[in-house]
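The values are calculated or read from the model by the stated rules, or taken from the named source; none is laboratory data. If you're wondering where the values come from, they're calculated on a predicted model, not measured in any experiment. Counting neighbours? That spans all protein chains shown, and the Cβs are built from the backbone with ideal geometry, glycine included.
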Amino acid sequence: MIEGFIALYIFMLAAFTGYEVIARVPVILHTPLMSGSNFVHGIVLIGAMVALGHAETSVERWVGFIAVVLGAGNAVGGYVVTERMLEMFKSSKRGG
Amino acid sequence: MIINLSYFVAAVLFILGLKQMASPVTARRGIIWAGYGMVLATVVTFFHPELKGFLNYFLIILGIAVGGGLAWWSAKRVAMTDMPQMIALYNGMGGGAAAGIGIVALLQGKDMSLLIQSIAALGVLIGAVAFSGSLIAYAKLQGLMNKTLRFSGQQKLNIVLFAVTVLLGLWVTFSGNDVNNNVLLWFVVLSLVFGVLMTLPIGGADMPVVISLYNALTGLAVGFKGLVLDNPALMIAGVVVGAAGTLLTQLMAKAMNRSLGSVLFSGFGDTAAAETSETGGSMKEIEASDVGVMMAFANKVIVVPGYGMAVAQAQHKVWELCQLLGERDVKVKFAIHPVAGRMPGHMNVLLAEAGVPYDMIYDLDEINQEFETADVALIIGANDVVNPVARTDPSSPIYGMPILNADKAKNVIVVKRGKGAGFSGIENALFFLDQTRMLYGDGQAAAAELIQAVKEL
């Protein structure tokens, strides 16, 4: 069990990390970055897996199953579109 | 132990991945690293001690196959112009998943401290709002619903609805480990309805900010679920995205000269603020061949592309034209307004798709002084972002918005489909200036004519 205050510290440090990581991003990467951060919260999938994994009633299973479907969609879709966008960024110095 | 270690590695990979995405040189590696993190975290979760029962395992695999398969299929097919709504859609799915986790946790009635239970409820609310709100944003951008729904007393209704939802959430929070299923159901339903009603009145022009906001909200909801499930990987990844998304939302709102409050609670976006002051002068037409000559003998040409170029799929032709000009030793630069396209950076993606190298593309601060030395500013499919009234006319709704100073160029060529006003419905004073010439036509056809004109010289 993560203690209340430890959790608070994790939240605070993670928030600063997120802020700092983005603060230096050029505008040209905003769309891929939004897409990329969208992919990162696809980690919700593993939470959905755990939720479904210990489901006991059929209602819990249904909700958990929907959560897994949605979470997998978030992760996979987020990855594929981000990768597709970033793949296209080329520098003229390498022959564009 | 192994599981926790893997989650830790995944969290590190996410942060490093996002960091690498901050530069175009390493961006691609960044997303791949984050991808490894995701695969690692997903695989080890199959060995999580809380997973039990054959049926549950089966459903998990089925769910991943269905959700992942559909997302893979759609993500591979989507056109680059439709990227914003696709991101909205995937983001909404994440929000829905976060809400689902919270619902399961509350249904199971595990012993939770009051703090954790309130966070579980809050996560359901935020996740559900992000889910339904993102779906509306998707529908709007996809053109499935063009009407912006507004009625009198809408804001009051939203406030009342929100208050009732929060009360239900408090009820859920204080129900301990015996949450009434009906109360929970209504809590979820009202959260979803609130997300819909909150998004409906927001105009299309403000959608990028809204999508970014929902992205941040989903991150936050995921972080909360990490706390509920005792899962640090979820906490870290969720909160990092929550913070990053909030900053990104602010940057976008600032670029559009809109405060977040006015995006959410007023509703310009498309309130056809048509009655702006009369702009003097008239629009003057020009032939493509004349433009070709003008550009071929120029020293410096700055291209200002807008969403209209992307809609006309003209970016490949425009790039071809620029390469031709480059061969004639004309200096060509692309000037991108932060909100060109449907979201910041969207236009860069579209130009990259056409093969334009990113070091020819400049953003507003980098290029604005250069317009004065440019011989030709070629505006193609852009409108509001080059409208000088944003600098000069305090009564204009876009007054104060940073714009590209295309009006400072010696000659301005505007490629435009027709004489109508732009996305925001505001008349563009740039079109009436003395040095401005209009080249009417579809973006792609016009670019093709220009290529022809330059080739014939």
Legend entry - Only listed residue being within 10 Å of chain A (Cβ to nearest Cβ) and modelled with pLDDT of 95 or more, chosen from B:A75, B:A97: B:A97
Legend entry - Qualifying position, being in a helix (DSSP H, G or I) and in contact (Cβ under 8 Å) with a residue 60 or more places away in the chain, among B:L220, B:L234: B:L220
Legend entry - Out of B:I159, B:I136, sole residue that is closer than 27 Å to B:A88 by Cβ, assigned to a helix (DSSP H, G or I), in contact with a Ser or Thr (Cβ under 6 Å, 6 or more places away or on another chain) and more than 14 Å from every other protein chain (Cβ to nearest Cβ): B:I136
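Which one is farthest from B:G94 (Cα to Cα), of the residues in region A:57-67 that are facing another protein chain (nearest Cβ under 7 Å) and among the hydrophobic types (A, V, I, L, M, F, W, C)? Spell out how you get there, then give the answer.
Narrowing region A:57-67 to residues facing another protein chain (nearest Cβ under 7 Å): A:59-61, A:63-67.
Applying the additional criterion that residues be among the hydrophobic types (A, V, I, L, M, F, W, C) yields A:59, A:63, A:65-67.
On the way: A:V59: 20, A:V63: 14, A:F65: 13, A:I66: 11, A:A67: 8 Å.
Applying the filter and picking the extreme gives A:V59.
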Inset, instruction - Sort out which residues of region B:222-248 are farther than 22 Å from B:K19 by Cβ, facing another protein chain (nearest Cβ under 8 Å) and either of a type outside the set (D, E, K, R) or surrounded by fewer than 24 Cβ atoms within 10 Å (Cβ to Cβ) (or both), and write them in order of number. - result: B:L227, B:L229, B:D230, B:N231
Legend entry - Residue pairs meeting the criteria (Cβ under 8 Å; at least 6 apart or on separate chains; first modelled with pLDDT under 85, in region B:152-167; second not in a helix (DSSP H, G or I)): B:Q154/B:P201
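Tell me, which residue of region B:325-339 that is within 21 Å of B:L213 (Cα to Cα) and more than 11 Å from the chain's Cα centre (by Cα) is modelled with the highest pLDDT? Don't jump to the end; show me each part of the working.
To start, the set of residues in region B:325-339 that are within 21 Å of B:L213 (Cα to Cα) comprises B:337-339.
Narrowing further to those that are more than 11 Å from the chain's Cα centre (by Cα): B:337-338.
Details: B:H337: 85, B:P338: 75.
So the residue we want is B:H337.
For B:A11, state whether it is within 28 Å of the chain's Cα centre (by Cα), more than 8 Å from chain A (Cβ to nearest Cβ) and either under 30 Å from B:L351 (Cα atoms) or surrounded by 14 or more Cβ atoms within 10 Å (Cβ to Cβ) (or both). Can you show your working first?
Numbers: within 28 Å of the chain's Cα centre (by Cα): yes; more than 8 Å from chain A (Cβ to nearest Cβ): yes; either under 30 Å from B:L351 (Cα atoms) or surrounded by 14 or more Cβ atoms within 10 Å (Cβ to Cβ) (or both): yes.
Taking the combined requirement at face value, the residue satisfies it.
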Inset, instruction - Just name the residue that is nearest to B:C322 (Cα to Cα) out of those in region B:367-379 that are within 28 Å of the chain's Cα centre (by Cα) and surrounded by 23 or more Cβ atoms within 10 Å (Cβ to Cβ). - result: B:L378
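Yes/no per residue for (1) aliphatic (A, V, I, L, M); (2) surrounded by fewer than 19 Cβ atoms within 10 Å (Cβ to Cβ); (3) assigned to a helix (DSSP H, G or I):
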{"residue": "B:D407", "(1), (2), (3)": "no, no, yes"}
{"residue": "B:I413", "(1), (2), (3)": "yes, no, no"}
{"residue": "B:A447", "(1), (2), (3)": "yes, no, yes"}
{"residue": "B:L457", "(1), (2), (3)": "yes, yes, no"}
Inset, instruction - Looking at (1) farther than 17 Å from A:L29 by Cβ; (2) surrounded by fewer than 19 Cβ atoms within 10 Å (Cβ to Cβ); (3) of a type outside the set (F, W, Y); (4) modelled with pLDDT of 85 or more, find the lone condition where B:M360 falls short. - result: (1)
Inset, instruction - Can you tell me which residue within region B:40-61, out of those that are loosely packed, with under 14 Cβ neighbours inside 10 Å and more than 7 Å from chain A (Cβ to nearest Cβ), is nearest to A:M85 (Cα to Cα)? - result: B:V43
Inset, instruction - Just name the residue that is nearest to the other protein chains (Cβ to nearest Cβ) out of those in region B:321-353 that are surrounded by fewer than 22 Cβ atoms within 10 Å (Cβ to Cβ) and in contact with an Asp or Glu (Cβ under 9 Å, 6 or more places away or on another chain). - result: B:K333
Legend entry - Residues that are at the interface with chain A (Cβ under 8 Å from one of its Cβ atoms) and either among the aromatic types (F, W, Y) or in contact (Cβ under 8 Å) with a residue 24 or more places away in the chain (or both), drawn from region B:101-124: B:I101, B:I103, B:A105, B:L107
Inset, instruction - Restricting attention to region B:99-156, report how many residues are buried (at least 19 other Cβ atoms within 10 Å of the Cβ) and touching an Asp or Glu at 6+ places or on another chain (Cβ under 7 Å). - result: 2
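Examine region A:68-85 for a residue that is more than 7 Å from every other protein chain (Cβ to nearest Cβ) and either within 30 Å of B:N180 (Cβ to Cβ) or in contact with a helix residue (DSSP H, G or I) (Cβ under 8 Å, 6 or more places away or on another chain) (or both), and state whether such a residue exists.
Start the filter on region A:68-85 by keeping residues that are more than 7 Å from every other protein chain (Cβ to nearest Cβ), which leaves A:84.
Among the residues that remain, those that are also either within 30 Å of B:N180 (Cβ to Cβ) or in contact with a helix residue (DSSP H, G or I) (Cβ under 8 Å, 6 or more places away or on another chain) (or both) are: A:84.
Scanning region A:68-85, I find at least one residue that is more than 7 Å from every other protein chain (Cβ to nearest Cβ) and either within 30 Å of B:N180 (Cβ to Cβ) or in contact with a helix residue (DSSP H, G or I) (Cβ under 8 Å, 6 or more places away or on another chain) (or both), so the answer is yes.
On the given criteria, is B:A382 part of a helix (DSSP H, G or I) and within 25 Å of the chain's Cα centre (by Cα)? Let's see the steps before the verdict.
Numbers: part of a helix (DSSP H, G or I): no; within 25 Å of the chain's Cα centre (by Cα): yes.
Criteria not met by B:A382.
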Inset, instruction - Would you check if B:G17 is touching a helix residue (DSSP H, G or I) at 6+ places or on another chain (Cβ under 9 Å), more than 7 Å from every other protein chain (Cβ to nearest Cβ), surrounded by 18 or more Cβ atoms within 10 Å (Cβ to Cβ) and in contact (Cβ under 8 Å) with a residue 60 or more places away in the chain? - result: no
